[in-house]
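I have placed the structure first, in the form of structure tokens, so that the comments after it can refer back to it.
We did not get these values from a lab; they are worked out from the coordinates using the rules stated. Here the structure is a predicted model, which is why all the values come from computation and not from measurement. Reconstructed Cβ throughout: ideal geometry from the backbone, glycine too, with neighbour counts over all protein chains shown.
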Amino acid sequence: MRYVTAGESHGRSLSAIVTGVPAGITVVPELIDADLARRQSGYGRGGRQRIETDRVTILSGVRFGSTLGTPVSVAVANRDWDNWLEIMAVTGEKPAQIRVTAPRPGHADLAGVQKIGSNDTRDILERASARETAARVAAGGIAKALLTALGVQLHSYVEQVGAVAMPTGIEPATVDMQAVESSELRCPDDEATEAMKRAIDDARVDGESLGGVFVVVARGLLPGLGTYAEAAGRLDARLAAAVMSIPAIKGFEIGDGFAAARVVGSLAHDEITYRDGGYVRPTNRAGGLEGGMTNGEPLVLRAAMKPIPTLMRPLASVDLDSHEAIDASKERSDVCAVPAAAVVAEAEVAFVLAQAYLDKFGRDSLDDIIVARDAYLARISR
């Protein structure tokens, strides 16, 4: 199961086509809309979120609430497009005065115009914008629907914003998701939430932006998804590639990750016991992955998001035309979008896990997948 998205930040709409979708998956548009709303939420978001109210439109591949086994196409309209008709016209001659020639440090602007030979960074920034991730979340709803049918639950939360972090030592799989979703920063700790809000307020006053760290957890996974045999199929490699594809993500780890590099082997690995007909690990330092495969424990991963590169107090740049020093361009932007990035990461992780299930149990029909899964469960339980 894979997806491709299309659309620009201020174009008519964002869209996605999901291929490799088995037949028989129940798709509920309201659940996708709920994820789209979660992507738009979070303390520190900018004015664009007050304009858009994202809703999914399912264009193909679903009939009477069930997938047909054909490609599923979805769309999310951009309400703000009405205000950008002249700048984002599909046809006609481009007015010289609308060009953007002051690339932003930390953004795709400069490398992008060099890559394609443009003299207008808007040709780059419209697609490089994180607005594109709305289409990923809409597409991810199809992957999530498959995982739900297979008993897998995905959730995320924010662990850190800027220098403010929630207390350490909390087991990610036990986090109260009701507390997460009631927090303005999708952080389960009330004190940390308030401190994060103050940090965001300070950054806004200073014309700055803030990044942070979020956690994604998947529960209910079977052991043996992925492979040890080939590098490209190792699940940790696929997860890293998927999450790192999200704009502004600069770091990734599974389980204890970098912390495991600082301890001896006996404190880095999870001992194995056998209880109630199954193998159990009393700890989950590996984050649910060993040797490129799931081991039956909850999957736990973290990602680090850098501060958004669009600053209201711009950094120094160089004009594309004159090569003279100039302040970087300013676009309407967020101060902090870590809570939103966590929701996008759920969608990316959902696709990787959905593909892993299809690789192991077939891909034509959900009913057949469930039969194959149950046979596998019976075998490994003997």
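Obtain the nm distance between the two label points defined at Tyr376 and Ala268 by a simple spin-label model: each point lies 7 Å from its Cα along the Cα-to-C-beta direction.
Taking the two extended label points, one gets 2.9 nm.
So which residue, out of Leu31, Leu85, Leu315, gets the largest mean-square fluctuation from a GNM of the chain using Cα contacts under 10 Å as springs?
Leu85
Which one of Leu36, Pro22, Pro95 is farthest out on the positive end of the charge dipole of the stretch 2-380, using unit charges on Cβ (Lys, Arg +1; Asp, Glu -1) and the Cα centre as origin?
Sorting the options by dipole projection puts first Pro22.
Among Ala354, Ala261, Ala241, which one shows the biggest mean-square fluctuation in a GNM of the chain, springs joining Cα atoms closer than 10 Å?
Looking only at Ala354, Ala261, Ala241, the biggest GNM fluctuation is shown by Ala261.
Using modelled amide H (1.01 Å from N, peptide plane; none on Pro or chain starts), what sits under 5 Å from the amide H of Thr283, excluding residues fewer than 5 places away?
Residues meeting the criterion, in which the H sits 1.01 Å from N, are Glu271.
Quick one: which of Lys144/Lys330; Lys144/Lys360; Lys115/Lys360; Lys250/Lys360 span more than 27 angstrom between C-alpha atoms?
Result: Lys144/Lys330; Lys115/Lys360; Lys250/Lys360 exceed 27 Å.
Report the local net charge at Ala199: Lys and Arg +1, Asp and Glu -1, summed over other residues whose C-beta lies under 12 Å from its C-beta.
Within the 12 Å Cβ shell, the charges total -2.
Where the only charges are on Cβ atoms (+1 Lys, Arg; -1 Asp, Glu), what is the dipole of the stretch 2-380 about its Cα centre, to the nearest 20 debye?
It comes to approximately 540 debye.
Convert each backbone phi in the stretch 3-9 into a coupling constant with the Karplus relation 6.51 cos²θ - 1.76 cosθ + 1.60 (shift: θ = phi - 60°), then list the ³J(HN,Hα) values in order as whole Hz, x for Gly and Pro.
Each residue's phi maps through the Karplus curve to give 9, 9, 10, 9, x, 10, 4 Hz.
Apply the Karplus parameterisation 6.51 cos²θ - 1.76 cosθ + 1.60, with θ equal to phi minus 60°, to every residue of the stretch 228-233 and state each ³J(HN,Hα) to the nearest whole Hz, in sequence, with x for glycine and proline.
Listing the rounded values in order: 9, 7, 9, 4, 5, x Hz.
Would you mind telling me which residue in Glu86, Glu348, Glu290 has the biggest mean-square fluctuation in a Gaussian network model of the chain, where springs connect alpha carbons within a distance under 10 angstrom?
Of the options given, Glu86 has the highest mean-square fluctuation.
Name the long-range amide H neighbours of Ser60: under 5 Å, sequence gap of 5 or more, or other chain; modelled H, no Pro or chain starts.
Long-range HN contacts for Ser60: Ser73.
Mind giving me the FRET efficiency for Val4 and Asn83? R0 is 25 Å, r the Cβ-Cβ distance, nearest 0.05 is fine.
FRET efficiency, Val4 to Asn83: 0.40.
Between Glu93 and Ala231, 0.36 nm times their residue separation minus their Cα-Cα distance comes to what?
Gain on extension, Glu93 to Ala231, equals 44.9 nm.
Less than 13 Å Cβ to Cβ from Ile124, Lys/Arg counted +1 and Asp/Glu -1: what total charge do the surrounding residues give?
In short, -2.
Between Thr53 and Ser365, how high is the FRET efficiency from 1/(1 + (r/R0)^6) when r is the Cβ-Cβ distance and R₀ = 22 Å? Nearest 0.05.
With R0 = 22 Å, the Cβ-Cβ based efficiency is 0.05.
So what is the 222 nm mean residue ellipticity for the chain from helices alone, if each DSSP H run of at least 4 adds -39500 (n - 2.57) and you divide by all residues, rounding to the nearest 500 deg cm²/dmol?
So the calculated ellipticity at 222 nm is -9500 deg cm²/dmol.
Label-point separation (nm) for Ala34 and Asp201, each offset 7 Å from Cα along Cα-to-Cβ?
In this crude label model, Ala34 to Asp201 measures out at 3.2 nm.
What is the set of long-range amide H partners of Ser329 at a cut-off below 5 Å, with H atoms built 1.01 Å from backbone N?
Residues meeting the amide H criterion: Ala102, Arg104.
Can you name the helices of the chain, as whole DSSP H runs, whose Cα span along the helix axis is 18 Å or more and whose Kyte-Doolittle mean is not below 0.0?
Those that clear 18 Å and a mean of 0.0 are 133-149, 338-361, 366-380.
With a 10 Å radius around each residue's Cβ, average the other Cβ atoms per peptide and rank 204-210, 64-70, highest first.
Taking the mean over residues of other Cβ atoms within 10 Å, the ranking is 204-210, 64-70.
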